[in-house]
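One structure below.
The values are calculated or read from the model by the stated rules, or taken from the named source; none is laboratory data. As the structure is a computational prediction, the values presented were derived from the model and not from experiment. Here the Cβ is made from the backbone with ideal geometry for all residues, glycine too, and neighbour counts use every protein chain on show.
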Amino acid sequence: MRALVPVPGLTLLGLTLLGLVLLCGTALAQPLPQTPRLDAAERKSLAERYAKVLSTELGLLKTLDQLDRDADDLDARMVRLSVERAKATDTLTEAESQRATAEQDLARMRIAVQHRLRAILRIAHLPTLRFALSSKDFSESVVKDRLLRRLLAADRARLADYRQRLTDLEKLTAGRDAALKQLEQLDLQLHEERAKAEQERRDKLALIEQIDSDRKFQEKASKDADAANKAMAVQIATLEEWQERKYTFASTQGKLLPPVPGRIETGYGEIRNPRFGTVTMHRGLDFRAGSNTGIAVRAVFWGRVAYVGWLTGYGETVLLDHGHGWHTVYAHLENTRVAVGDIVAARSRIADVGTSGSIKGRYLYFEIRHNGQPVDPGPWIH
């Protein structure tokens, strides 16, 4: 995929978007894979749906961020629904199994009951006097009477058991039908959530495509990138300054190891859009570290964790305070392993390379800032 140029203040998605906006070379002029090409009606519909948010400062980046986070939320809900669906499927399978077993038992009992009913009917048609006189003596007739009573009592119990099994089967059938209905409802919810997620992603890609093809969107993205940079500077200014002065970050120039293994995909500096002539400042480095999950992001120098969270244009972000006004910024993260206030040593694992807010896939956006202003990280990396 072509390099997208992340700009300060962009979320992963923003960065990605900015990536589009800042694309170096002919990157901006090239269509992104799977990026929808909109006809006139679709462009008009897209503009109408997002007209209000796009008219505000950082509106384009915030919209892309929100679409990205909404899609993540939908993905999480779909995972939960999938788990519930799996449980519902197990419940349905178990209910159907129990119902089938009960139905087989009931069929066997039905045959046995039918035989006993025929026997009872034969006895019922036997004249009582004849039955009594068939005994050789009174004692034998008493024995026969008792035996008959026991048989009838057993038959009554058998019939009662049959009726209970029939009731149980009806309950199992109702349980099976309820489980089937729940499964159908979960399938419907999953379908709806997938449709929403697909629309969110389509809108995101469509907006990014507009940056590539529409001058107004391109100019808006460039302005938002500048606003995002200012927002980052303000964010840093609001942080409590770390007073530790044991070591000086300024003395590490040219000695820092990169925060992740891999190549620098986009460097620091101005990016000129070849189509519109728009110039956007790329204030950090994009590290392409591969598509695998679990790639460690490491602190380039020891310091205190000043901020952990989502920032427009950066996605999930960690800010490290190295004292004397020096900060490093690590964006588009996942699986963050530090909290605000933690003291981390150089090369400590602070997070993993992520995709939050990015259409570029997994990569790390890295900045060095002094007194809130970005400096070129290139000369600092060994």
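Summary table below
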quantity: Residue in region 238-261 that is aromatic (Phe, Trp, Tyr) and under 30 Å from Asp70 (Cα atoms) present; calculated: no
quantity: Scope region 232-270; condition of a type in the set (A, V, I, L, M) and at pLDDT 85 or above; matching residues; calculated: Met232, Ala233, Val234, Ile236, Ala237, Ala250, Leu256, Leu257, Val260, Ile264
quantity: Residue within region 186-205 that is in a loop (DSSP other than H, G, I, E, B) and at pLDDT 80 or above present; calculated: no
quantity: Number of the exception - Glu170 against (1) loosely packed, with under 14 Cβ neighbours inside 10 Å; (2) at pLDDT below 75; calculated: (2)
quantity: Hey, Arg304 farther than 24 Å from Lys62 by Cα and either surrounded by fewer than 16 Cβ atoms within 10 Å (Cβ to Cβ) or not aromatic (Phe, Trp, Tyr) (or both) or not; calculated: yes
quantity: Subset of region 309-336 (residues that are more than 16 Å from Phe366 (Cβ to Cβ) and either outside the structural domain of Gln373 (by TED's automatic domain parsing) or under 21 Å from the mean Cα position of the chain (by Cα) (or both)); calculated: Gly309, Trp310, Thr312, Asn335
quantity: Hits in region 60-112 (condition: of a type in the set (Gly, Ala, Ser), surrounded by 19 or more Cβ atoms within 10 Å (Cβ to Cβ) and farther than 16 Å from Ala174 by Cβ); calculated: Ala71
quantity: Count - residues of region 325-337 that are in a strand (DSSP E or B) and surrounded by 20 or more Cβ atoms within 10 Å (Cβ to Cβ); calculated: 7
quantity: Residue check, Ala95 in the same structural domain as Ala154 (by TED's automatic domain parsing), touching a Lys or Arg at 6+ places or on another chain (Cβ under 8 Å), touching a residue at least 24 places away in the same chain (Cβ under 8 Å) and part of a helix (DSSP H, G or I); calculated: yes
quantity: Tally, over region 227-246, of residues that are buried (at least 17 other Cβ atoms within 10 Å of the Cβ) and not aliphatic (A, V, I, L, M); calculated: 3
quantity: Conditions (1) in a strand (DSSP E or B); (2) more than 19 Å from Ala227 (Cα to Cα); number of the one not met by Pro379; calculated: (1)
quantity: Tally, over region 36-85, of residues that are aliphatic (A, V, I, L, M) and not in a helix (DSSP H, G or I); calculated: 2
quantity: Subset of region 347-376 (residues that are modelled with pLDDT of 95 or more and assigned to a loop (DSSP other than H, G, I, E, B)); calculated: Arg347, Ser348, Asp376
